[in-house]
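The values are calculated or read from the model by the stated rules, or taken from the named source; none is laboratory data. Note that the structure is predicted; figures quoted are calculated from it, not measured. Here the Cβ is made from the backbone with ideal geometry for all residues, glycine too, and neighbour counts use every protein chain on show.
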Ligand code: ATP
């Protein structure tokens with residue numbers, strides 16, 4: 001394919017920041033082409049390369065574009081000598097490419113319209129989701145019932161079923177990766193953020209170390225094989241929170257929490273759960289089975305009586321649940337902001353902050369070393385920007 005030089009700025013006016021992630025900044029983009037297509041307003045996710053280095057050996061010139069036509073496929077960066085962030089961005093591009101080829105357009109999976117690359121990084125031009133994050137919307141709702149929660153689970157299950165059918169495991173499913181397309185009451189919910197997803201097998205415990213381990217499955221924590229069923233576990237955790245306002249595994253330290261997750265040790269406290277239907281509780285228990293084989297698949301979930309709405313209660317849920325969800329959501333946002341700030345710091349500050357963050361994750365020095373080694377492994381030989389730089 002020819003490497004026609006196309007510049008993002010020639011085609012989109014880049015507007016306000018919509019959000020920041022560990023390795024990215026997401027801005028609104030407005031197409032310079034006239035027209036009213038939904039593609040005129042987009043989200044531009046710029047995956048930064050904080051450690052320098054080229055993300056692409058297939059892209060010979062700067063300001064080049066990976067993709068004049070996504071459906072025809074586009075060259076992707078090789079995995080040689082890339083940094084941590086580059087591994088994640090390379091992976092996200094690979095997964096998004098597969099989504100474009102096999103899943104899009106899907107009402108519950110974010111669509112990728114285009115990809116550009118320049119000296120600032122790689123820019124993914126994505127479908128704009130202006131309806132906000134899942135929990136943000138739920139806590140603002142005046143009426144919230146099991147049936148409302150079931151509608152959310154149904155949409156996530158539909159998205160997962162399509163992804164899983166195309167052999168894509170999300171691996172980082174959590175409420176903040178589920179965004180509403182628009183602000184209407186019947187807006188579709190979209191699954192996004194495929195930075196840690198897989199189109200091929202490689203396991204890593206990184207998922208739980210930079211984010212929260214709340215949604216991480218027992219098999220991921222024990223470094224076993226991560227499968228589609230790991231996404232189903234995460235959906236079980238989301239459902240538990242949706243119906244109670246707090247996560248199923250709560251402990252003083254991450255180490256303790258990890259043990260509880262691996263043992264599948266959770267309960268339905270009578271006080272909180274007495275008003276919730278048996279069918280919902282049974283479904284959560286099925287999704288939170290330690291043995292992945294015993295969890296229902298996304299496709300099976302779509303036939304479940306609670307998920308289709310037959311056994312989900314229609315009456316208003318206890319107001320306490322929503323207020324607990326509100327505090328849970330606020331705490332989570334604070335933590336995400338702290339983590340994002342670590343990656344925007346200078347290397348010196350990052351070293352200190354990362355140390356304290358890893359400390360708060362209850363890791364021993366030898367485990368930090370292991371983690372560093374693990375990073376080396378996933379970052380491919382020859383990489384000089386591994387975690388060891390920060391923790392030594
Ligand atoms: P993380 O560190 O959580 O993995 P990330 O670097 O992969 O994050 P995203 O989670 O994809 O980044 O995006 C960061 C934020 O930008 C999101 O929380 C969301 O608020 C906003 N955002 C991302 N994609 C879109 C979109 N398509 N439409 C609107 N806002 C978006």
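Here residue 132 meets the list (1) more than 17 Å from the chain's Cα centre (by Cα); (2) surrounded by fewer than 20 Cβ atoms within 10 Å (Cβ to Cβ) almost entirely, failing just condition (1). Is it the case that residue 32 is more than 13 Å from the ligand (Cβ to nearest atom) and modelled with pLDDT of 90 or more? Against the criterion (more than 13 Å from the ligand (Cβ to nearest atom) and modelled with pLDDT of 90 or more), residue 32 qualifies.
Give me the helices (runs of 4 or more DSSP H) completely within segment 218-269, filtered to those with at least 2 residues that are at pLDDT 95 or above, ordered by residue number.
Working: elements: 218-221, 228-244, 254-263.
Correct list: 228-244, 254-263.
Looking across segment 7-26, the residues that are over 19 Å from residue 333 (Cβ atoms) and either in a strand (DSSP E or B) or within 19 Å of the chain's Cα centre (by Cα) (or both) come down to 12, 13, 14, 15.
Looking at the structure I just gave you, is residue 160 part of a strand (DSSP E or B), crowded, with 23+ Cβ neighbours inside 10 Å and modelled with pLDDT of 90 or more? The answer is no for residue 160.
Exactly one condition in (1) near the ligand (Cβ under 10 Å from one of its atoms); (2) assigned to a helix (DSSP H, G or I); (3) at pLDDT 90 or above is false for residue 207; which is it? For residue 207, the failing item is (3).
Scanning segment 292-316 for residues that are in a loop (DSSP other than H, G, I, E, B), over 23 Å from the mean Cα position of the chain (by Cα) and on the phi < 0 side of the Ramachandran plot yields a count of 8. When segment 309-319 is filtered for residues that are loosely packed, with under 13 Cβ neighbours inside 10 Å and in contact with a helix residue (DSSP H, G or I) (Cβ under 9 Å, 6 or more places away or on another chain), the ones remaining, listed by number, are 310, 314, 315.
Taking each residue of segment 3-27 that is within 12 Å of residue 193 (Cα to Cα) and at pLDDT below 85 and looking for partners that are more than 8 Å from the ligand (Cβ to nearest atom) and assigned to a loop (DSSP other than H, G, I, E, B) with beta-carbon atoms closer than 7 Å, six or more apart or interchain, yields 23/48; 24/48.
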